[in-house]
Amino acid sequence: MALRGSLARLLRAQPDAALRPRRGAHSVALVGAPLSRGQKRRGVDHGPATLRAAGLVERLAGLGCQVHDFGDLNFTQVPNDELYNNLILYPRSVGLASQMLADVVSRAVAAGHRCVTLGGDHSLALGSISGHTRQCPHLGVIWVDAHADINTPLTTQSGSLHGQPLSFLLRELQNKVPQLPGFSWLKPCLSASDIVYIGLRDVDPAEYYILKNFDIQYFSMRDIDRLGIQKVMERTFEQLMGRRQRPIHLSFDIDAFDPSLAPATGTPVLGGLTYREGMYITEEIHNTGMLSAVDMVEVNPLLGASQEAVKATAHLAVDVIATCFGQTREGAHIAFDELPTPSSPDESDSEEQVRI
C-alpha cells in the first residue's frame, strides 16, 4: 500500500507547514479511503471519486472552508488473505488499510484540520476513529446508520467486517473479540458511554444484546418517530457533552436515509431518515462547534439502478458533509457586511436625462 504526495507528507514526524490551516481559517482535510474489503459487494471503492464528482470540494470552498484534498489512500489486497475462523473476510487487508488510515487521520487532526474521511465501506471507522482518538482521547462518537455495526467476529453471520468495527473499538468488549491477523496494532479506544446511535432499524440479535447489556445509548427510527428529531439531538448532546465539552466524531452511513433518497448503497433498509431529519442532525452537530472528524461511507455508484439514482445518493452525501461545515437551510452565503445604497438623486436624474 503506497502513499504519495501530500498524504505522505502527513505522516512525517512534524506536520508540514504547508498543511497547517491559516490562522482563523475553517480548515477541512479530505482523505479518500476507498476500502471495499470490509464487505462483499463491489463498487463501494468508487465512493470517494463519486463524492468529489458531485462537487464536494467546491461546495466546502463556497462555504468559506480552507479545503485540503489529500487524495485517496492506495489500498491493495494482502496476498493469501485467508478467512479467519472460516468466516471473516479479508482480515489482513482490512487491518492493514485501517492502520494506514489511522495514521493519516491522526496526522491531519494534529495539523489542525477537521478531517473528513470519504468511504469506502464502514469498516474504515476502525482506522478513522482509532486515529482520531490518538489526538482526542476523550472524543464522543455519533454513529448515524441503519445498522449497529457492533457484531463481534464470533457473532457475525455474514463475516463482513463492515458490520463489526465498533466491537473492536469498545473497551467493554475487549475480552469478547479475538485477535484477528492484521489487527495487532488496534487497541480499544472507546467506552460504551462515548457512543450514541441514531437511525437504527436493522439490528442483529447479538448486537441488540450488546446495546442493552452494555447500556449504549441509541435512538432507533421508532424513537425518532416517538420523540422527534429535536429531542433526539438534545438527548444525544446530553449524553456526550452533558458533563464536559469534547470533540465529536460523526460516522455517517448513507443507508441511514430511506432508500428512496439514497438508493445507491449496499444494504438499504426501508423506513429511514427523511432529508429534513438528516440535515437537522448535522446542523445541530455543527452548531455545537465541537465537530472534529466525519466519516461518510457506503456510497456505491455500481448499485444505483440509474445514473439519476447515483447522482441523488452522491448529492445527498455532499449535503450531509456541507451541513456539517455550515450550510444551512436558511441559505449558505459568503459574508455580507453592508447593503449597497443608490446614487444621489441628482446623479440619477442627470443619468436618466442623458439616457433619454
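Extending 7 Å from the Cα toward the beta-carbon at both Asp337 and Leu154 defines two label points whose distance is 6.4 nm.
The ranking of Glu238, Glu283, Glu277 by Cβ neighbour count inside 10 Å, starting from the fewest, reads Glu238, Glu283, Glu277. Put simply, the amide H of Tyr218, placed in the peptide plane, has neighbours under 5 Å in Tyr197, leaving out anything fewer than 5 places away on its chain.
Dividing the radius of gyration of the alpha carbons in region 143-241 by their Kirkwood radius gives 0.99 for Rg/Rh. Amide H contacts under 5 Å for His26: Gln66, restricted to partners 5 or more places along the chain or on a different chain, H placed in the peptide plane at 1.01 Å from N. Relative to the longest principal axis of the Cα atoms of the chain, the long axis of helix 307-324 makes an angle of roughly 80 degrees. Taking the helices alone, the chain has a mean residue ellipticity at 222 nm of -11000 deg cm²/dmol, built from -39,500 (n - 2.57) per DSSP H run of at least 4 residues and averaged over all its residues. As a rough footprinting exposure proxy, the listed residues Ser130, Ser27, Ser343 were ranked by other beta carbons within 10 Å of their own, and the order from fewest upward is Ser343, Ser27, Ser130.
Only one residue of Ala125, Met233, Pro259 has its Cα farthest out toward the positive end of the dipole of the chain, where Lys and Arg carry +1 and Asp and Glu -1 on Cβ, and that residue is Ala125. Ordered by the count of other Cβ atoms within 10 Å of each Cβ, fewest first, Met279, Met241, Met233 give Met241, Met279, Met233. Each peptide in 304-313, 187-196, 42-51 receives the mean, over its residues, of other Cβ atoms within 10 Å, and ordering these scores from highest gives 42-51, 187-196, 304-313. Summarising the label geometry, the points placed 7 Å from Cα in the beta-carbon direction at Thr328 and Arg134 lie 3.7 nm from one another. Considering only beta bridges that DSSP places wholly inside the chain, some 5 percent are antiparallel. Within the same chain, aspartates and glutamates fewer than 8 places from Lys176 are excluded, and of the rest, those with a Cα less than 17 Å from its Cα are Asp149, Asp204, Glu207, Asp215.
Using only Cα atoms, locate the centre of region 127-202 and the centre of region 276-305, then give the distance between them in Å, rounded to an integer. About 19 Å separates the Cα centre of region 127-202 from the one of region 276-305.
Could you grab the relative contact order for region 78-233? Cα pairs under 8 Å, six or more apart, rounded to a whole percent. Worked out over region 78-233, it gives 23 percent. Relative contact order for the chain: 19 percent, from Cα pairs under 8 Å spaced at least 6 residues apart, divided by residue count.
Compared with the dominant Cα axis of the chain, that is its longest principal axis, helix 275-288 is turned about 80°. The string of couplings for region 57-74 from the Karplus curve (6.51, -1.76, 1.60, θ = phi - 60°) is 4, 5, 5, 5, 4, x, 8, x, 6, 8, 9, 10, 9, 8, x, 9, 5, 9 Hz, one whole number per residue in order, with x for Gly and Pro.
Every number here is computed from the coordinates shown, using simple stated rules; none is lab data. A quick note: this is a predicted structure, and the numbers were derived from the prediction, not measured. Please note: Cβ atoms are built from the backbone with ideal geometry, for glycine as well, and neighbour counts cover all protein chains shown.
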